[in-house]
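The values are calculated or read from the model by the stated rules, or taken from the named source; none is laboratory data. All figures in this text were calculated on a predicted structure; none of them were measured in a lab. Virtual Cβ from ideal backbone geometry, glycine too; neighbours counted across all protein chains shown.
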Amino acid sequence: MTTLDTDILESVTDALLVLSNVGMGDYSSRVTLPEEVKDSSLRALFEGINEMIRSLEQEKLKSDAYQKELEEKLATIEKQRVAIQELSTPIMEVWDGVLCLPVVGVMDTARSAEMTTALLHAVVEKKTRCCIIDITGIEVMDTGTADHFMRMARAVGMLGARCVLTGINPHIAQTIVHMGVDLSGIESHRSLRQALHAYVTSQKKQQQ
Amino acid sequence: MAQSIRPKPLIRIDVRESVDVYAVQRGARAHALAMGFSLREAGELVLVASELATNILKYGKRGWIALCTERGARGVSFVVEARDFGPPFHDFDTALKDRHDDRGPINPDTRKISQGLGVGLGTVVRLTDRVEHVPLADGKIVRAVRAVPRATAR
């Protein structure tokens, strides 16, 4: 065997190693032929292999970029989901020790459960003395949910705060009454404004 | 008086994440109003569809809500079908009761908050005329039907 043949064999062995690296995701190496090798088809083959490695590397970079973009978008979606959750149950401190919870939209059992958890936590955290739940924005409520609402109001009472409901529309009023629920201890006013006014007035009276 | 017979196309909303429930609520409201229900009735049907969609997420892994219509002796009815790929109900009639799941009463001591109130299906029963359960090989369908009051049917 000539020196040239040995050199070619070595190049082929190296090439196999490079291809093995490519198989494992390493696109940094290239296959080479010693300059003495003049065979054009062999040169063309090796050049072809290098071309292929280069384009695989390009594809991998593109794919990594897409992956990163996708992960960022998923993270954004998750952040937005949390934001939607918080926005759908905004709990605002409108006066010293007075929380207001305006409810708008569809009050299904899932939302009712989430609201209860959020509200009870807020009542404890902010040492609330009065909690005004405004349901002007709720069109309909099922009796099961209305029942849950009443229990929530009583739970707030147990935590030492007054619970006031405002904005009850005639249909929901009928639903609540038909349930035959004990409404004592649950205050109701027509609007948030009236509820706040009543609270502030009662506080002033207490201080006199 | 003959009513014009125009079959309403079936609307299908895939339910895979919590945000899909909003799409179900919007779709149900539009469908109900288009069928001639009042605003309040449409609101009730939105609650029904919403509960069924939430149940898909909670127990059915994934699925879809289909909104369509049905013609019967009572005229035209709003139909909402919840298809999911979770286990079928063990005992549907028990599951329909408030504060029960499909095996019996939910014990408040062991109930997890994430399980909900156990009243979702109760809502569906109270606000519709008929609720059916169709167990399938790979899941189930829960179907709720409510007739349009005759005077306002379109």
Exercise. A:Leu183: at pLDDT 90 or above and more than 14 Å from chain B (Cβ to nearest Cβ), yes or no?
Worked result: no
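Just for the stretch A:83-98: of the residues that are within 11 Å of A:Tyr199 (Cβ to Cβ) and aliphatic (A, V, I, L, M), which one is modelled with the lowest pLDDT?
Checked the stretch A:83-98; the qualifying residue modelled with the lowest pLDDT is A:Val94.
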Problem set entry | Filtered residue count, the stretch B:41-66, keeping only those that are buried (at least 21 other Cβ atoms within 10 Å of the Cβ) and more than 14 Å from B:Val15 (Cβ to Cβ) | 7
Exercise. So which residues in the stretch B:19-40 are at the interface with chain A (Cβ under 10 Å from one of its Cβ atoms), surrounded by fewer than 23 Cβ atoms within 10 Å (Cβ to Cβ) and touching a Leu at 6+ places or on another chain (Cβ under 9 Å), if there are any at all?
Worked result: B:Gln25, B:Arg29, B:Leu39
Seminar exercise, completed: Residue hits (the stretch A:134-154; away from chain B (no Cβ under 11 Å) and within 25 Å of the chain's Cα centre (by Cα)) are A:Gly137
Exercise. Which residue pairs have Cβ atoms closer than 8 Å, lie 6 or more positions apart in sequence or on different chains, and pair a first residue in the stretch B:44-71 that is within 9 Å of chain A (Cβ to nearest Cβ) with a second residue that is part of a helix (DSSP H, G or I) and of a type in the set (Lys, Arg)?
Worked result: B:Val46/B:Arg29
For this session: With the condition kept exactly as written, say whether any residue in the stretch A:137-145 is of a type in the set (Val, Ile, Thr), crowded, with 19+ Cβ neighbours inside 10 Å and assigned to a loop (DSSP other than H, G, I, E, B).
Result: yes
Exercise. Which members of the stretch B:98-154 meet the condition of being modelled with pLDDT under 65 and among the basic types (Lys, Arg)?
Worked result: B:Arg99, B:Arg103, B:Arg111, B:Lys112, B:Arg154
For this session: Kindly list, by first and then second residue, each pair from a residue in the stretch B:79-97 that is among the hydroxyl-bearing types (Ser, Thr, Tyr) to a residue that is in a loop (DSSP other than H, G, I, E, B), limited to pairs with Cβ atoms under 9 Å and residues at least 6 apart or on different chains.
Result: B:Thr94/B:Asp102; B:Thr94/B:Arg103
For this session: From A:Ser112, A:Ser63, grab the single residue that is among the small types (Gly, Ala, Ser), in a helix (DSSP H, G or I) and farther than 30 Å from B:Tyr59 by Cβ.
Result: A:Ser63
Problem set entry | Hits in the stretch A:160-180 (condition: surrounded by 15 or more Cβ atoms within 10 Å (Cβ to Cβ) and part of a loop (DSSP other than H, G, I, E, B)) | A:Ala161, A:Gly167, A:Ile168, A:Asn169
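Just the residues that are under 17 Å from A:Val98 (Cβ atoms) and acidic (Asp, Glu), please, taken from the stretch A:167-208.
A:Glu187
Mind checking which residues of the stretch B:62-87 are of a type in the set (Gly, Ala, Ser) and either touching a His at 6+ places or on another chain (Cβ under 7 Å) or within 13 Å of B:Val142 (Cβ to Cβ) (or both)? Break it down stepwise before answering.
Step one: list which residues in the stretch B:62-87 are of a type in the set (Gly, Ala, Ser), which gives B:63, B:66, B:72-73, B:75, B:77, B:82, B:86.
Across the stretch B:62-87, the qualifying residues are B:Gly63, B:Ala66, B:Ala82, B:Gly86.
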For this session: Give the stretch A:169-208 a look and list any residue that's in contact with a His (Cβ under 9 Å, 6 or more places away or on another chain) and farther than 15 Å from A:Val94 by Cα, or say none.
Result: A:His189
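I'd like to know if the stretch A:88-96 contains one or more residues that are within 14 Å of another protein chain (Cβ to nearest Cβ), surrounded by 13 or more Cβ atoms within 10 Å (Cβ to Cβ) and under 34 Å from the mean Cα position of the chain (by Cα). Full working, then the answer.
Of all residues in the stretch A:88-96, those within 14 Å of another protein chain (Cβ to nearest Cβ) come to A:88-89.
Next, from what is left, pick out any that are surrounded by 13 or more Cβ atoms within 10 Å (Cβ to Cβ): A:88-89.
Remaining after also requiring under 34 Å from the mean Cα position of the chain (by Cα): A:88-89.
Yes; the residues of the stretch A:88-96 include at least one that is within 14 Å of another protein chain (Cβ to nearest Cβ), surrounded by 13 or more Cβ atoms within 10 Å (Cβ to Cβ) and under 34 Å from the mean Cα position of the chain (by Cα).
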